[in-house]
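Only one structure is covered here, and it is reproduced in the block below.
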Amino acid sequence: MTGTDSFSDARLLASALRWWEDAGVDVLVGDDAEPWLGRAASLAPAENPVSPTPQGQAAPQAGVSPAAPVAAPFALPETLEALLDWVMSDPRVPEGGPSALRVRPFGTPGAPLMIVTDMPELTDADSGQLMSGPVGQLFDAMLAAMGHDRNSVYCIPLCPGRPPTGRLPNSALKDLGDLARHHIALAEPKAVWLLGQATSRAVIGADSTASLDKIGQNINHFRGNVPCIASLHPRLLLQAPQRKASVWKDMQVLIGELN
């Protein structure tokens, strides 16, 4: 098989995955319950209790496979350093993928401005840096227009890995949003900039990237709340430069929040 054949097969696979997701099938479905993120699922209906065996154990119902062991619920790490280590290695991170392909945040934790992007770009895993390539060049120009650079902000990915389809499934957004809000609470920024529709839906529960009124939006977390702005992603602005004007207005609101 040539390199061209491999690339073609990968594109066909990604296209098929996107088709199933658009059809509403965005998770694997099987006969047995799966303890996703420690959530238990019971196979025995309440109205058909099982009878105990003489040894005091429940006898399995005919035709029903025993449920897989359920992982105990876990608490997210309570320090920023421990959270970063967990995000970069734990298999329970939704859509995280292989730890070797995950991309770390950049910047200064505790900076006044915290930025949340949806996922790494195609070139990020190879470059070892979040927001690389043409998207990163535009992003750097946007930071400069606000009087910032990569060292004066703190930028994290909503998901540390990039799904094969290049899209985050809706089924993962709630858990990724919980993780991002926990991260925000530990970093304690003065304002948060959410980049992309998926990021906005995950963190604040709605797509506010096209909202005309961005003032008064907040992210609630366990330590309080912080003002936020949701904008179109630089990735989209490369495809639709005419929409840069609306994002510049968002950036001006952010500057006001920080000042």
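Need one number: nm distance between label points at N225 and L212, each 7 Å from Cα along Cα→Cβ, rounded to one decimal.
2.3
Provide T117, T165 in ascending order of the number of other Cβ atoms located within 10 Å of each residue's Cβ, fewest first. List each step's numbers first, then the result.
On the way: T117 27, T165 18.
By the 10 Å Cβ count, ascending, the order reads T165, T117.
Quick one: Karplus J couplings for segment 131-146, per residue in order, coefficients 6.51, -1.76, 1.60, θ = phi - 60°, nearest Hz, x for Gly and Pro?
Listing the rounded values in order: 6, 9, x, x, 4, x, 5, 5, 4, 4, 5, 5, 4, 4, 5, 9 Hz.
Where a number appears in this text, it was derived from the coordinates with a stated rule and is not lab data. The structure presented is a predicted model; accordingly, all values stated were derived computationally and were not measured. All Cβ positions, glycine included, derive from the backbone under ideal geometry; neighbour counts span all protein chains shown.
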